[in-house]
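For reference, the structure is listed below as structure tokens.
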Amino acid sequence: MGNHNSHRFPFSGEESSVSDELYDKVRILCWVMTGPQNLETKARHVKATWSRHCNVVLFMSSVQDENFPTIGLGTKEGRDQLYWKTIRAFQYVHKHHFEQADWFLKADDDTFVVVDNLRWLLSNYTPDTPIYFGKRFRPFAKQGYMSGGAGYILSKEALRRFVSGFDSKVCSHTTSVEDLALGQCMEKMGVVAGDSRDTEGRETFHPFVPEAHLTEKFSKNFWYWNYCYYPIVEVRGKILLEASFAGQSWLFS
């Protein structure tokens, strides 16, 4: 069960040529974590917008829904189930879709991704390199880990190692904190936490909605200051909203 996209939003001229070339060269499978209660309020908008740029799109839920469709992972719903859903989703993708993509993106149903920009980043790497990208946080893992809310993407080799880690019991369900647990498994399996900043050193994955960056002034006691792996760029007291590939509840024109 999966949606192989046959149509995408049009570009013009040189942009279209580059986009078409990268679409075939940098194949991205996008799986979206959702639940039965979010299909009509959130997931359907992901399905109608940015996910159309992915080579393969899968919606992962606790139960199967043949009409949407979603893949049932046999879990319960709730925050304490996030890592179980992530583990089983990546295992499903590895078993059924491993040869259909080079990179494997996990996103929530309130995330917006500019997939064409993401392909541009990934075109500098080969999928047989054990690496993954996202919004990199600092604590609890030597090389850091990627924020779950901003989404993260695994190379083909990173996915293979993640699944192998559970087969060999090097990795296990140690905590319900999905993004940290995945990052700790990646570190154990020799998967590198990649630098997803652009050529000007700007972040490209974000865990907050745009208005949080544009209008809110974060206290210096706010946890984000201590969590970010790279220096935070601040303009007039606001954490800068920078050139972006992905972020929670993000919209782009």
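The values are calculated or read from the model by the stated rules, or taken from the named source; none is laboratory data. This one's a predicted model, so the numbers in the text were calculated from it and none came from an experiment. Using ideal geometry, Cβ is built from the backbone for each residue, glycine included, and neighbour counts are taken over all protein chains shown. The accessibility values were calculated without ligands, DNA or RNA, using every heavy atom of the protein model including side chains. Shrake-Rupley method; radii C 1.70, N 1.55, O 1.52, S 1.80 Å.
Per DSSP helix of 4 or more residues, -39500 (n - 2.57); summed, then divided by the residues of the chain. What does that give at 222 nm, rounded to the nearest 500?
-8500 deg cm²/dmol
Approximating the spin labels as points 7 Å out from Cα along Cα→Cβ, the Thr175-to-Gln37 distance works out to 2.5 nm.
Cys residues of the chain that find no other Cys beta carbon under 4.7 Å: Cys228. For the peptides 128-135, 169-176, 206-213, 224-231, residues were scored by their other Cβ atoms within 10 Å and the scores averaged per peptide; the highest-first order is 128-135, 206-213, 224-231, 169-176.
Under the classification rounded if a/c is under 1.5, otherwise prolate if a/b is larger than b/c and oblate if not, where does region 17-62 fall, given a ≥ b ≥ c as square roots of the Cα gyration tensor eigenvalues? Because a/c hits 1.5 or more and a/b fails to exceed b/c, region 17-62 counts as oblate. Other residues whose C-beta falls under 9 angstrom from the C-beta of Leu82 contribute a net charge of -1, scoring Lys and Arg +1 and Asp and Glu -1.
Counting only Cβ charges, +1 for Lys and Arg and -1 for Asp and Glu, the dipole size of region 92-203 around its Cα centre is about 420 debye. Just check region 30-107 against the gyration tensor rule for me: Cα atoms, a ≥ b ≥ c as the square roots of the eigenvalues, rounded for a/c under 1.5, and otherwise prolate or oblate depending on whether a/b exceeds b/c. Verdict is oblate for region 30-107. DSSP bridge analysis restricted to region 11-145 gives an antiparallel fraction near 15%, rounded to the nearest 5.
Run the paramagnetic zone check for Arg79: 7 angstrom along Cα to Cβ, then residues of region 97-116 with backbone nitrogen under 19 Å. Counting backbone N atoms under 19 Å from the label point, the list is 107-111. Looking at the chain, the accessible area is 47 square angstrom per residue; that uses a 1.4 Å probe and ignores ligands, DNA and RNA. Highest-first packing order for the peptide set 150-162, 68-80 is 150-162, 68-80, based on the mean count of other beta carbon atoms within 10 Å.
For the chain, modelled as a GNM whose springs connect Cα atoms under 10 angstrom apart, the maximal fluctuation among Val163, Val233, Val93 occurs at Val233.
Once Cα Rg over 2.2 N^0.38 Å is worked out from the coordinates, which option in [x] 1.02; [y] 1.29; [z] 0.96 does it equal? Among [x] 1.02; [y] 1.29; [z] 0.96, the one derived from this structure is [z]. Taking every DSSP bridge with both residues inside region 118-244, close to 80 percent are antiparallel. Extending 7 Å from Cα along the Cβ direction at Gln143 and again at Tyr230 yields two label points whose distance is 1.7 nm. Taking the DSSP beta bridges with both ends in the chain, the antiparallel portion is around 50 percent. With each label modelled as a point 7 angstrom along the Cα→C-beta vector, the Val18-His94 pair spans 3.5 nm. When you restrict to C-alpha pairs under 8 Å that are six or more residues apart and normalise by the size of the chain, the relative contact order lands at 19 percent.
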